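Trainee: I'd like to ask you about the structure that follows.
The values are calculated or read from the model by the stated rules, or taken from the named source; none is laboratory data. No experiment lies behind these values; they were computed from the predicted model shown. Cβ: placed from backbone, ideal geometry, glycine included. Neighbour counts: every protein chain shown.
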Amino acid sequence: MKPYTMTRRSVLSGQESTSDVEIASIQIGNFDVLVLSDGHFNLPGNWFVNGEVKHRQQAGDPIKVGANVWLIRSKERVILVDTGAGPIFSRTRPTAGKLDDLLAAEKLDKAEVTDIVITHMHADHIGGLMGPDTGGYSNAKIHLAKAEWDFWADPDLTSKVSESMKPLVQLAQSVTSSIANRIIKYENEAEIVAGVHLIFLPGHTPGHSGVLIADEGQELSIVGDAIIAEILQFQSPDISYILDIDPEMAIKTRTKLLANLARSGRLMAATHLTYPGIGRVTQDGDAFEFHSLA
């Protein structure tokens with residue numbers, strides 16, 4: 001098996017910015033995987049509950065988490081995993097919504113994206129689909145779990161959730177209405193294209209999913225929001241997050257996932273790990289540790 005090599009290069013982040021932003025890339029078999037930073041979020045410490053108090057105290061408040069998006073290129077396909085926050089956080093979360101600058105720096109026309117895989121339909125993962133021609137991704141097929149679609153597209157969902165959840169539902173449903181005719185839904189884990197698989201990681205949301213890239217003996221698991229805060233949830237997987245729809249299932253999924261990753265040695269990536277957020281997991285008793293490849 002060929003060794004994994006990650007490269008990092010600087011690109012201009014935007015016409016009004018003089019700072020350089022890095023783009024990391026890694027080869028997985030014949031796939032070129034780019035890690036694009038959509039920025040970061042500062043999350044209140046009290047959004048994380050359970051687990052050992054000492055670990056939450058050590059993490060500080062707020063807790064800074066990344067916002068990673070992945071572009072997977074082959075000879076035939078250009079696949080985007082999630083679309084970032086788009087313009088929706090520009091006022092309340094100005095640290096996010098940076099993806100468009102990086103795509104422009106890559107000279108990638110959004111119309112060239114052939115496929116979009118949605119890990120789940122929280123705002124910071126589907127915000128890039130808002131706007132004309134689904135945010136400019138006018139030719140992309142959109143892939144996600146049927147359980148995820150059915151949950152968010154339920155016309156009665158707004159009346160079933162708490163007041164704090166209503167804005168998330170309303171935003172998700174504004175997107176579902178515009179992409180309904182382009183959706184491919186999966187009831188079981190499946191190969192989206194040769195070498196790129198949808199895997200189910202439920203709990204954070206009903207159909208929360210990840211992506212496994214496997215080619216020529218090399219593998220990378222993109223696990224979405226199965227991990228939110230690396231400073232907390234590797235050490236204490238039983239710490240849940242305020243937006244977990246099924247916290248017990250999220251903990252079960254995370255613990256099983258981390259144990260499998262530690263046992264297999266497979267590379268992993270997650271949305272909210274510190275950029276570029278690709279590395280391996282080791283296990284020590286009930287605790288885990290993330291070792292960044294970069």
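Trainee: Would you check if P276 is touching a strand residue (DSSP E or B) at 6+ places or on another chain (Cβ under 8 Å), more than 23 Å from A85 (Cβ to Cβ) and touching a residue at least 40 places away in the same chain (Cβ under 8 Å)?
Mentor: Spelling it out, it is not the case that P276 is touching a strand residue (DSSP E or B) at 6+ places or on another chain (Cβ under 8 Å), more than 23 Å from A85 (Cβ to Cβ) and touching a residue at least 40 places away in the same chain (Cβ under 8 Å).
Trainee: Still on this model: Just checking: which of the strands (runs of 3 or more DSSP E) contained wholly in region 40-129 hold 3 or more residues that are farther than 28 Å from E191 by Cβ and either modelled with pLDDT under 90 or in contact with a Leu (Cβ under 9 Å, 6 or more places away or on another chain) (or both)?
Mentor: The qualifying strands (runs of 3 or more DSSP E) are 63-73.
Trainee: Let me ask something else. Answer with yes or no whether E219 is modelled with pLDDT of 95 or more and part of a strand (DSSP E or B).
Mentor: Judged against the criteria, E219 is a match.
Trainee: Something else: Could you grab the pairs with beta carbons closer than 6 Å, sequence gap of 6+ or different chains, first residue in region 139-165 and assigned to a strand (DSSP E or B), second one crowded, with 23+ Cβ neighbours inside 10 Å?
Mentor: I142/I116; H143/V117; L144/I118; A145/G207; A145/S209
Trainee: Please find, among E112, E106, the residue that is in contact (Cβ under 8 Å) with a residue 60 or more places away in the chain, surrounded by fewer than 17 Cβ atoms within 10 Å (Cβ to Cβ) and more than 30 Å from G203 (Cβ to Cβ).
Mentor: E106
Trainee: Of all residues in region 226-247, how many are out of contact with any Lys or Arg (no Cβ under 7 Å at 6 or more places or on another chain) and assigned to a helix (DSSP H, G or I)?
Mentor: Qualifying residue count for the region: 3.
Trainee: Would you point out which residue out of A250, A259 is assigned to a helix (DSSP H, G or I), surrounded by 22 or more Cβ atoms within 10 Å (Cβ to Cβ) and of a type outside the set (S, T, Y)?
Mentor: Of the residues listed, the single one that is assigned to a helix (DSSP H, G or I), surrounded by 22 or more Cβ atoms within 10 Å (Cβ to Cβ) and of a type outside the set (S, T, Y) is A250.
Trainee: Could you grab me the full set of residues in region 166-216 that are in contact (Cβ under 8 Å) with a residue 12 or more places away in the chain, touching a Phe, Trp or Tyr at 6+ places or on another chain (Cβ under 6 Å) and assigned to a loop (DSSP other than H, G, I, E, B)?
Mentor: The one that is in contact (Cβ under 8 Å) with a residue 12 or more places away in the chain, touching a Phe, Trp or Tyr at 6+ places or on another chain (Cβ under 6 Å) and assigned to a loop (DSSP other than H, G, I, E, B): P206.
Trainee: Restricting to region 142-177, give me the number of residues that are among the β-branched types (V, I, T) and within 21 Å of V223 (Cβ to Cβ).
Mentor: Final tally of qualifying residues: 1.
Trainee: Yes or no: A294 surrounded by fewer than 17 Cβ atoms within 10 Å (Cβ to Cβ), of a type in the set (G, A, S), at pLDDT below 95 and in contact with a strand residue (DSSP E or B) (Cβ under 8 Å, 6 or more places away or on another chain)?
Mentor: yes
Trainee: Would you check if D215 is surrounded by fewer than 20 Cβ atoms within 10 Å (Cβ to Cβ) and in contact with a strand residue (DSSP E or B) (Cβ under 7 Å, 6 or more places away or on another chain)?
Mentor: yes
Trainee: I would also like to ask the following. Could you check T274 against (1) assigned to a strand (DSSP E or B); (2) of a type in the set (S, T, Y); (3) farther than 26 Å from D115 by Cβ and say which number it fails?
Mentor: (1)
Trainee: In the set E148, E191, which member is among the acidic types (D, E), under 25 Å from T253 (Cβ atoms) and either touching a helix residue (DSSP H, G or I) at 6+ places or on another chain (Cβ under 6 Å) or surrounded by 13 or more Cβ atoms within 10 Å (Cβ to Cβ) (or both)?
Mentor: Of the residues listed, the single one that is among the acidic types (D, E), under 25 Å from T253 (Cβ atoms) and either touching a helix residue (DSSP H, G or I) at 6+ places or on another chain (Cβ under 6 Å) or surrounded by 13 or more Cβ atoms within 10 Å (Cβ to Cβ) (or both) is E148.
Trainee: While we're here: For the subset of region 228-247 comprising residues that are over 12 Å from V281 (Cα atoms) and of a type in the set (A, V, I, L, M, F, W, C), which member is surrounded by the most Cβ atoms within 10 Å (Cβ to Cβ)?
Mentor: I228
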